[in-house]
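The values are calculated or read from the model by the stated rules, or taken from the named source; none is laboratory data. Everything quoted here is computed from the prediction, not taken from an experiment. In this analysis, Cβ positions are derived from the backbone assuming ideal geometry, glycine residues included, and neighbour counts consider all displayed protein chains.
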Amino acid sequence: MNALFEYLLRLGDDSLILGHRLSEWCGHGPILEEDIAMTNLSLDLIGQATSFLKYAGEVEGKSRNEDDLAFLRFEREYKNLLLVERPNQNFGATMMRQFLFDAYRKLFFERLVHSTDSQLSAIAAKSLKETKYHLKHSSEWVIRLGDGTEESHEKMQSALDDLWKYSAELFYQDDVDEDLIENGIIPAVDAIKGEWDVLVRNVLEQATLIIPSNNWEQVGGRKGIHSEHLGYILAELQYMQRAYPGMKW
Amino acid sequence: MKEHNIEVLERDFQAKIDNDIKIEPKDWMPDEYRQTLIRQISQHAHSEVVGMLPEGNWITRAPNLRRKAVLLAKVQDEAGHGLYLYSAAETLGADREQTIDDLHSGKAKYSSIFNYPTLSWADMGAVGWLVDGAAIMNQVPLCRCSYGPYARAMVRVCKEESFHQRQGFEIMTTLAQGTAEQKAMAQDALNRFWWPALMMFGPPDEDSKHTKQSMDWKIKRHTNDELRQMMVDITVPQAELIGLTIPDPDLKWNKEKGGYDFGEINWDEFWQVVKGNGPCNKDRIETRRKAKENGAWVREAANAFAEKRKLRNTKKAS
Ligand SMILES: [Fe+2]
Ligand SMILES: [Fe+2]
Ligand SMILES: [Fe+2]
């Protein structure tokens, strides 16, 4: 197995699946301005997915392009975090999911910019700009809703309680990472973890939210062991490609 | 004395219109002019927002990454159009929340075309090509509308609509040049959307109650039937170019008038859909109503937070 290929799938699938989830909001947002904002997030993420998966196809060298990889793998071959496949639930839960992810992604891209792999560093530079904006947006909503009304506070606390156990997987590491870290292709995750903790705690404190005491870590996505939700996401995502194989659109 | 004043105001107002001077929010205007514009602009805003739904229906099922991104961007543009238009209506004193509640209660209308379902990917092509195409036909003249804020909003909107129209036509072209299945999908979409798209220009001139006054006020520049004729004349050659058939056996080039003759539109169907009996009326309104209802706690919380922040800042300052 090619470590870089595998790692690019992880990055691409995180963006693809979260972008898909956000796109489900289109036309259903709590205000028109947020419909536009969530579409923006989704567009950025689909763009990132395109870049990562295109590069993955080149690295693999089996003439699969970004669409083949995005639309024609089986469930167990998707390597996204469990966090990003969590259902949207309500706007607050969507913003909480976004915040936990953005906080990680921003710190990660800040380092990936210095990758010895010039393609990765170029994708990271573009993605970093986008992610800084995403993080600003999601953290503002987490604070606003956490410290808003009693009802919104409760909703945000319950979103945090639900999602927290999936945040550990952001820092998942195995031999795929080790090899790449050694060659300076990707940053070491441990350093990011410390900063992520500080950033997240700071925002949650302003939001008057409490990190759950249950520190159970739910992982699996990186190994292709997903929740039941992914199958339904893929059923929609892949519908056209499966129903009309091999056609140009 | 007072009556005399109104006469002067009305005369000045009409003089401005006749000289193509834009009416601006602070200018005096007849109440009927204001009400006509509020009705038209908010209907237009609602159409943009409800119009997000039939296309939103295919975002998660778009066939490839590029199409997914283009469709997302398109639906996002429509949300933006809704925002400019609600703002334009607000310059006339309309209340955005009230306007939206009127939509949800069924009091306010929106374009009937969005009450038809999108049943295949080809419908994304047909909607862009025909529906955005018809919207452009309607809206380009509105860029010269006598009311300044509406005219200016339309300039921005039309640029984006023409991009939407092109991308829709490009989807149709790709399908028409594709496999037999794809071509059939494209033809089926054209069959379903052709007549409803022609209905988008509204009832025939003899039944259109608002047309004359709107034309005198230069809100409208062409009649419904004139616009419909332009649409047919522009679209028929496009369909021919990509090898699709317009579903109208009576369609025929008329050399004398330099345009196409076309078949009878089913106005019964049109009025039924306007009345609420289209295939998706209930679902569309229900979806919008739910979006507002489910978002209520978010808007309340945002207001509460803004209040708290203001209070904290004043405390800090004192
Ligand atoms: Fe629009
Ligand atoms: Fe429009
Ligand atoms: Fe459009």
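Kindly establish whether residue B:148 is at pLDDT 95 or above, crowded, with 23+ Cβ neighbours inside 10 Å and either closer than 21 Å to residue B:41 by Cα or more than 13 Å from ligand 2 (Cβ to nearest atom) (or both). For residue B:148, the condition - at pLDDT 95 or above, crowded, with 23+ Cβ neighbours inside 10 Å and either closer than 21 Å to residue B:41 by Cα or more than 13 Å from ligand 2 (Cβ to nearest atom) (or both) - is not met. Annotation: residue B:33 fulfils all but one of (1) surrounded by 19 or more Cβ atoms within 10 Å (Cβ to Cβ); (2) within 11 Å of chain A (Cβ to nearest Cβ); (3) away from ligand 2 (no atom under 16 Å from the Cβ); the unmet one is (2). Is at least one residue of region B:208-225 modelled with pLDDT of 95 or more and surrounded by fewer than 17 Cβ atoms within 10 Å (Cβ to Cβ)? Looking for residues that are modelled with pLDDT of 95 or more and surrounded by fewer than 17 Cβ atoms within 10 Å (Cβ to Cβ), one finds at least one in region B:208-225, hence yes.
The listed residues are B:104, B:81, and the only one of them that is more than 13 Å from ligand 2 (Cβ to nearest atom) and either within 11 Å of chain A (Cβ to nearest Cβ) or not hydroxyl-bearing (Ser, Thr, Tyr) (or both) turns out to be B:104.
Against the numbered list (1) among the aliphatic types (A, V, I, L, M); (2) within 13 Å of chain B (Cβ to nearest Cβ); (3) over 14 Å from the mean Cα position of the chain (by Cα), residue A:112 comes up short only at (2). Tallying residues that are aliphatic (A, V, I, L, M), facing chain B (nearest Cβ under 9 Å) and assigned to a helix (DSSP H, G or I) within region A:224-249 yields 3. From the list A:184, A:146, the one residue that fits, being of a type outside the set (D, E, K, R), in contact (Cβ under 8 Å) with a residue 24 or more places away in the chain and within 22 Å of residue A:94 (Cα to Cα), is A:146. Only residues that are within 18 Å of the chain's Cα centre (by Cα) and either within 18 Å of residue B:263 (Cβ to Cβ) or basic (Lys, Arg) (or both) were counted in region B:206-225, giving 4. Residues in region A:17-44 that are more than 8 Å from chain B (Cβ to nearest Cβ) and within 12 Å of the chain's Cα centre (by Cα): A:17, A:18, A:19, A:21, A:22, A:41, A:44. Note on region A:152-191: residues that are assigned to a helix (DSSP H, G or I), of a type in the set (A, V, I, L, M) and crowded, with 18+ Cβ neighbours inside 10 Å total 8. Those residues that are part of a helix (DSSP H, G or I), closer than 19 Å to residue A:83 by Cβ and in contact (Cβ under 8 Å) with a residue 60 or more places away in the chain, I need them from region A:198-222; list them, please. Within region A:198-222, A:199, A:200, A:203, A:204, A:221, A:222 qualify. When residue B:70 is tested against (1) within 11 Å of chain A (Cβ to nearest Cβ); (2) under 18 Å from residue B:285 (Cβ atoms); (3) of a type in the set (Val, Ile, Thr), just one condition goes unmet, and that condition is (2). Of all residue pairs spaced 6 or more apart or on separate chains, those with beta-carbon atoms under 9 Å, a first member in region A:71-83 that is over 12 Å from residue A:15 (Cβ atoms) and a second member that is surrounded by fewer than 14 Cβ atoms within 10 Å (Cβ to Cβ) are A:71/A:242; A:72/A:242; A:72/A:245; A:75/A:231; A:76/A:223; A:76/A:225; A:82/A:225. Restricting attention to region B:151-180, the residues being under 18 Å from the mean Cα position of the chain (by Cα), more than 11 Å from ligand 1 (Cβ to nearest atom) and of a type in the set (Val, Ile, Thr) number 1. Going by the structure shown, is residue A:128 within 24 Å of residue A:17 (Cα to Cα), out of contact with any Gly (no Cβ under 8 Å at 6 or more places or on another chain) and in contact (Cβ under 8 Å) with a residue 40 or more places away in the chain? No: the conditions fail for residue A:128.
Would you call residue A:106 within 26 Å of residue B:301 (Cβ to Cβ), surrounded by fewer than 20 Cβ atoms within 10 Å (Cβ to Cβ) and in contact with a Lys or Arg (Cβ under 7 Å, 6 or more places away or on another chain)? Considered against the rule, which asks whether it is within 26 Å of residue B:301 (Cβ to Cβ), surrounded by fewer than 20 Cβ atoms within 10 Å (Cβ to Cβ) and in contact with a Lys or Arg (Cβ under 7 Å, 6 or more places away or on another chain), residue A:106 comes out as no. Within region B:129-175, the set of residues being within 18 Å of residue B:71 (Cα to Cα), more than 10 Å from ligand 3 (Cβ to nearest atom) and in contact with a helix residue (DSSP H, G or I) (Cβ under 6 Å, 6 or more places away or on another chain) comprises B:129, B:130, B:169, B:171, B:172, B:175. Looking at A:221, A:184, just one residue is more than 14 Å from every other protein chain (Cβ to nearest Cβ), in contact with a His (Cβ under 9 Å, 6 or more places away or on another chain) and not polar (S, T, N, Q), and that residue is A:184.
With a cut-off of at least 1 residues that are in contact with a His (Cβ under 7 Å, 6 or more places away or on another chain), name the helices (runs of 4 or more DSSP H) lying wholly within region B:224-318.
B:281-317
Identification of helices (runs of 4 or more DSSP H) wholly contained in region B:1-93 with 2 or more residues that are away from ligand 1 (no atom under 16 Å from the Cβ) yields B:2-18, B:31-50, B:65-90. Of the residues B:89, B:134, the single one that is of a type in the set (A, V, I, L, M, F, W, C), touching a Lys or Arg at 6+ places or on another chain (Cβ under 9 Å), under 30 Å from residue B:191 (Cβ atoms) and within 16 Å of ligand 2 (Cβ to nearest atom) is B:134.
For region B:54-66, filtering for residues that are at the interface with chain A (Cβ under 7 Å from one of its Cβ atoms) and surrounded by 22 or more Cβ atoms within 10 Å (Cβ to Cβ) leaves 4.
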